[in-house]
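A.B. asks: Just dropping this structure here.
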Amino acid sequence: MSAPQRPCNFYRAAAYSSDESVGFLMKRIMNSIVYQADKRLEAHGLTNAQWGPLLHLKKAGRCGVAELARSLQIDAGAMTRLLDRLEKKGLCKRVRSTEDRRVVQVEITPDGEDAIAEVPAVLAEVLNAHLTGFSKTEWEALKTYLRRMLDCGEALRVADAAVETPAARPTKKTHA
């Protein structure tokens, strides 16, 4: 295992500009991708938010609402509302566990599978349009750079979680 690297010093508060922020640029790119995907998915009766749970259910099979929310990085309340809309459209259904009535699983329906059949083609079209002018080497390099940023972010999350664990916090002493 290599020694931890010190953070870069590319950005400085005195000269900070959102136009040069990697995060701001990635957010603008994601907004553009979502907009284009929504525009194209409308013809299939889906929104960008709706295809994620359906595709996850198709690949993973039946799963719990909390697991689905975690997987898609959506809070449980928003996931419940999203599933309400998908269930109303007949694209998924909730199934109560026979072993534990408190447990509710979600599964994709045949109509849901039909609805997402064209999603991979739509997403490929949108992403390819956003990569117009990139060479295959540049595309591979971009993915490598983004994965490295994700790894750095994950290392920060793990470090933050270690600091936030109850064992790491001092306990308060009470006086009797």
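The values are calculated or read from the model by the stated rules, or taken from the named source; none is laboratory data. Keep in mind the model is a prediction, meaning the values are calculated, not measured. Here the Cβ positions follow ideal geometry from the backbone for every residue, glycine too, while neighbour counts run over all protein chains shown.
A.B. asks: Looking at the stretch 17-61, which of the residues that are of a type in the set (Val, Ile, Thr) and farther than 19 Å from Met149 by Cβ is modelled with the highest pLDDT?
C.D. replies: Initially, the stretch 17-61 is screened for residues of a type in the set (Val, Ile, Thr), giving 22, 29, 33-34, 47.
Pick out the ones that are also farther than 19 Å from Met149 by Cβ and you get 34, 47.
On the way: Val34: 95, Thr47: 91.
Here the residue is Val34.
A.B. asks: Would a scan of the stretch 72-79 turn up a residue that is touching a Leu at 6+ places or on another chain (Cβ under 8 Å) and assigned to a loop (DSSP other than H, G, I, E, B)? Please lay out each step first, then the result.
C.D. replies: The initial filter retains those residues of the stretch 72-79 that are touching a Leu at 6+ places or on another chain (Cβ under 8 Å), namely 74, 79.
With the extra rule that they be assigned to a loop (DSSP other than H, G, I, E, B), the set shrinks to 74.
Yes, that holds for at least one residue.
A.B. asks: Now a separate question. Looking at (1) farther than 16 Å from Val104 by Cβ; (2) more than 15 Å from the chain's Cα centre (by Cα), which is the only condition Thr80 fails?
C.D. replies: With (1) farther than 16 Å from Val104 by Cβ; (2) more than 15 Å from the chain's Cα centre (by Cα) applied to Thr80, the lone miss is (1).
A.B. asks: Here is a follow-up. Return a yes/no flag: does the stretch 21-41 have any residue that is in contact (Cβ under 8 Å) with a residue 40 or more places away in the chain, within 30 Å of Thr132 (Cβ to Cβ) and among the polar types (S, T, N, Q).
C.D. replies: Looking for residues that are in contact (Cβ under 8 Å) with a residue 40 or more places away in the chain, within 30 Å of Thr132 (Cβ to Cβ) and among the polar types (S, T, N, Q), one finds at least one in the stretch 21-41, hence yes.
A.B. asks: Related question: Among the residues of the stretch 96-110, which ones are surrounded by 15 or more Cβ atoms within 10 Å (Cβ to Cβ) and without any contact (Cβ under 8 Å) to a residue 40 or more places away in the chain?
C.D. replies: The answer is Thr109, and nothing else.
A.B. asks: Somewhere in the stretch 81-95, is a residue buried (at least 16 other Cβ atoms within 10 Å of the Cβ), in contact with a helix residue (DSSP H, G or I) (Cβ under 7 Å, 6 or more places away or on another chain) and over 13 Å from Leu57 (Cα atoms)?
C.D. replies: Scanning the stretch 81-95 turns up at least one residue that is buried (at least 16 other Cβ atoms within 10 Å of the Cβ), in contact with a helix residue (DSSP H, G or I) (Cβ under 7 Å, 6 or more places away or on another chain) and over 13 Å from Leu57 (Cα atoms).
A.B. asks: With the requirement that a residue be surrounded by 12 or more Cβ atoms within 10 Å (Cβ to Cβ), outside any loop (DSSP other than H, G, I, E, B) and without any contact (Cβ under 8 Å) to a residue 12 or more places away in the chain, what does the stretch 115-140 give you?
C.D. replies: Result: Trp139, single match.
A.B. asks: Going residue by residue through the stretch 80-103, is there one that turns out to be within 23 Å of Val126 (Cβ to Cβ), in a helix (DSSP H, G or I) and modelled with pLDDT under 90?
C.D. replies: So far as the stretch 80-103 goes, no, none of its residues is within 23 Å of Val126 (Cβ to Cβ), in a helix (DSSP H, G or I) and modelled with pLDDT under 90.
A.B. asks: Sticking with this structure for a sec: For the stretch 49-71, name all the residues that are polar (S, T, N, Q) and outside any helix (DSSP H, G or I). If you could, list the steps in order and put the result at the bottom.
C.D. replies: First pass over the stretch 49-71, keeping only residues polar (S, T, N, Q): 50, 71.
If the condition is that a residue be polar (S, T, N, Q) and outside any helix (DSSP H, G or I), then no residue fits.
Every residue, every condition in (1) in contact with a Ser or Thr (Cβ under 8 Å, 6 or more places away or on another chain); (2) over 20 Å from Glu42 (Cβ atoms), yes or no:
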{"position": "Gly90", "(1), (2)": "yes, no"}
{"position": "Arg94", "(1), (2)": "no, yes"}
{"position": "Pro110", "(1), (2)": "no, yes"}
{"position": "Val122", "(1), (2)": "no, no"}
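A.B. asks: Can you name the number of the only condition in (1) touching a residue at least 12 places away in the same chain (Cβ under 8 Å); (2) over 20 Å from Asp111 (Cα atoms) that Val65 fails?
C.D. replies: (2)
A.B. asks: A further question follows. Take the residues in the stretch 117-175 that are more than 23 Å from His56 (Cβ to Cβ) and among the basic types (Lys, Arg); name whichever of them is modelled with the highest pLDDT.
C.D. replies: For the stretch 117-175, the residue satisfying everything is Lys136.
A.B. asks: Determine whether Leu46 is surrounded by 10 or more Cβ atoms within 10 Å (Cβ to Cβ), more than 17 Å from the chain's Cα centre (by Cα) and part of a helix (DSSP H, G or I).
C.D. replies: Values: surrounded by 10 or more Cβ atoms within 10 Å (Cβ to Cβ): yes; more than 17 Å from the chain's Cα centre (by Cα): yes; part of a helix (DSSP H, G or I): no.
Against the criterion (surrounded by 10 or more Cβ atoms within 10 Å (Cβ to Cβ), more than 17 Å from the chain's Cα centre (by Cα) and part of a helix (DSSP H, G or I)), Leu46 does not qualify.
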